[in-house]
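Every read-out reported here was derived from the displayed coordinates using simple, explicitly stated rules and does not represent laboratory data. Everything quoted here is computed from the prediction, not taken from an experiment. All Cβ positions, glycine included, derive from the backbone under ideal geometry; neighbour counts span all protein chains shown.
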Amino acid sequence: MSSDAEGASEDRRKYEFRKVIEELKDYEGSGTQLVTIYIPEDRQVSDVVAHVTQEHSEAANIKSKQTRTNVQDALTSIKDRLRYYDTFPPDKGMVIFSGAVDAGGGQTDMVTRTLESPPNPVESFRYHCDSAFLTEPLEHMLEDAGLFGLIVLDRREANVGWLKGKRVEAVKSASSLVPGKQRKGGQSAQRFARLRLEAIDNFYQEVAGMADDLFVAKRHELDGILVGGPSPTKDEFLDGGYLHHELQDKVLGKFDVAYTDESGLKDLVDAASEALADQEIVDDKNQMEEFFENLNTGEEATYGFEQTRRNLIMGSVDRLLISEDLRSDVAVYECPNGHEEYEVIDARHSTPDHECVECGEEAIVQEREDVIEHLMAIAEQRGTETKFISTDFEKGEQLLDAFGGVAGILRYSTGV
Ligand code: ZN
C-alpha cells in the first residue's frame, strides 16, 4: 500500500519536473544572462549565498549595461530564494533557474524557478551562466532513475547489490557451510543427506535475509529484482519461497550466471539487459492491455476527459491512465443559467468562446488549468492511483491519439 502511494507521488513528481523543464527549455536570453545553479544536499546554503554574492560583484564588470543589470537581477532573485532554506538544501539537493528571458518585441520577463529533491541526487555544485538554462543534468535524471536489486548465488557463495542507473554496486556477501557431496566415513547416507539439505536451507534463508535487509528495510523504490546463478540453485531459491513476498513479486527474471562473486553481479546485469530494456515500459504495457481487455469484454473502462472525470468523481476509477505526452488545458465555463461545462484545449492555444450545450447561452470562463493537474487532484481525493503511460509503444500512442490522452480502469461498471 505505502509503496503504491509512494509510486504514485514519484510519478507525479516526475511529471512536474518534466513540465518545468519543458517550460525552461523554451526560454532564451540575449547574451549570457540566464543563471542555473545545481546545489547538492551536503552543500551549505551559506556557501551558496557567498558564491552568488561573489558572482554578483563580478558581474559589475560586464560591459553591456542591459546584460549586467539582468545578470545582477537574476542573482538577487536567487539570493531571495535561498533565504527560505536553513543550513542545508532539501534531500537530494535542488536546482535554481533565474534570468531575464525574451518576451518578444524587445521585452524581457524575469523568470525564477526552483526544483527541489530531483529523482536522483544532485552530485556536484554547478554555477552556469548562458543564453539558455542548463537543464540537461535534470533531463538525464528523469531518463535514468532505475533502481534494481541484484542477487547472485550458488550453494557456496552469494552476493547482493544494486544496479543504480548504469552502475553496479556490490553491498553484501555470504558464504555457506554447506558440506560437499562427499560424506565422511561412518556417517549414514541418510543422515548426511539430511544435514546437507538443512545447511542448504539455512544458507538460502541467510541470503533471503540479506536481501530483506537491503531491499525492504531501507524502503527504497525498487523497479525490480534480478536473480542469477547456476542451475538448479537459483531455481531452488526462487521456488522455495525464501524471499519476502514483497520481493518475490518484484523478481523480473532469473538468469544463468557462472560466477557468484562481485563480477557475477555484473554478469547478471549483462544477461538481463533485454529484460531491463523492456522493464521501463513493461508496467505501462500491462496497464494498457488491461484497459483494452476491459474495454472489449466489459464496461469497466472509461476514456476521454468528460467520461473519465465523471467516473473519477463517482469514485469508480481504480487507476487513472494519463499519456505522458498530453499537454492540454481544461477551461471551466458557467452559463447565466448556472450550467457548468468543460472544454479541453491545446495548451498553446488561447481560450475559445463557449456556448452552453444545455441551454445555448453564452458561457463565461471561470478558470483554466492543466488537464493533468485537474484530474489528478480529483483522483487524489478519491483514492485513485494515477499512472503515466509512455508513448513509446503502440497502445501508448493510441491512448494519446485515439482516447484524448486520458483513460481509466474502473472498479465496477457504471454505465457512464
Ligand atoms: Zn446553460
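Quick rundown of the values:
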read-out	value
Projected label distance in nm at residue 358 and residue 274, using a 7 Å step from Cα toward the beta-carbon	5.7
Candidates 403, 192, 215, ranked by Gaussian network fluctuation over the chain, Cα under 10 Å, top entry	192
Where Rh is the Kirkwood radius over Cα pairs, Rg/Rh for the stretch 3-143	0.99
Mean-position separation - Cα centroids, the stretch 341-416 and the stretch 233-247, in angstrom	43
Links that overshoot a 32 Å alpha carbon limit, given the list 14/65; 14/79; 19/266; 166/395	14/65; 19/266
The chain, relative contact order [Cα under 8 Å, separation at least 6], %	13
GNM top mover of 362, 397, 206 - the chain, alpha-carbon springs below 10 Å	362
Relative contact order, percent, the stretch 228-335 [alpha-carbon distance under 8 Å, six or more residues apart]	17
Crossing angle, helix 189-211 versus the chain [Cα axis fit, 0-90 degrees, rounded to tens]	20
Top positive-direction residue, dipole computed over the chain with Cβ charges, set 335, 251, 82	251
Nitroxide proxy distance, nm - points 7 Å out along Cα→Cβ at residue 171 and residue 110	4.6
Positive dipole terminus of the stretch 299-405, leading residue within 305, 365, 379 (C-beta point charges)	379
Added length on full extension, which subtracts the Cα-Cα distance from 0.36 nm per residue, residue 198 to residue 76	37.1 nm
Label-to-label distance, nm, for residues given as residue 377 and residue 413 (7 Å Cα→Cβ offset)	3.4
The stretch 283-410: mean projected area of Cα convex hull, nm²	8.1
Rh by Kirkwood over Cα pairs, then Stokes-Einstein D for the stretch 57-98 at 1.567 mPa s and 4 °C, µm²/s	110
Stokes-Einstein D for the stretch 147-280, Kirkwood Rh over Cα pairs, 37 °C, 0.692 mPa s (µm²/s)	216
Given charges at beta-carbon only (K, R positive; D, E negative), |dipole| of the chain in Debye	2420
Spatially proximal aspartates and glutamates relative to residue 285 (Cα-Cα < 13 Å; intrachain offsets below 8 disregarded)	293, 392, 394, 397
18 Å Cα-Cα reach of residue 172 towards aspartates and glutamates, excluding residues that sit fewer than 8 places from it in its own chain	154, 157, 206, 212, 213, 261, 262, 267
Amide H contacts under 5 Å for residue 108, placed H, 5+ residues apart	103
Relative contact order (%) - criterion: Cα under 8 Å, at least six apart; region: the stretch 147-280	31
Cα-based helix-to-principal-axis angle, 65-82 vs the chain, degrees rounded to 10	50
Cβ-based net charge around residue 232, under 13 Å, with every Lys or Arg adding one and every Asp or Glu removing one	-2
Estimated 222 nm signal from helices in the chain, with DSSP H stretches of n ≥ 4 weighted -39500 (n - 2.57), rounded to 500	-12500 deg cm²/dmol
Gained length - residue 289 relative to residue 13, 0.36 nm times residue gap less alpha-carbon distance	96.9 nm
Cα-centre dipole for the stretch 217-271 with unit charges at Cβ (Lys and Arg positive, Asp and Glu negative), debye to 20	160
Helix axis angle, 2-26 relative to the chain longest principal axis, alpha carbon, degrees	40
Percent of Cα pairs exceeding the 40 Å cut-off, where the set is the chain	38
Near-label residues of the stretch 97-141 by backbone N, under 11 Å of a point 7 Å along Cα→Cβ of residue 58	127-129
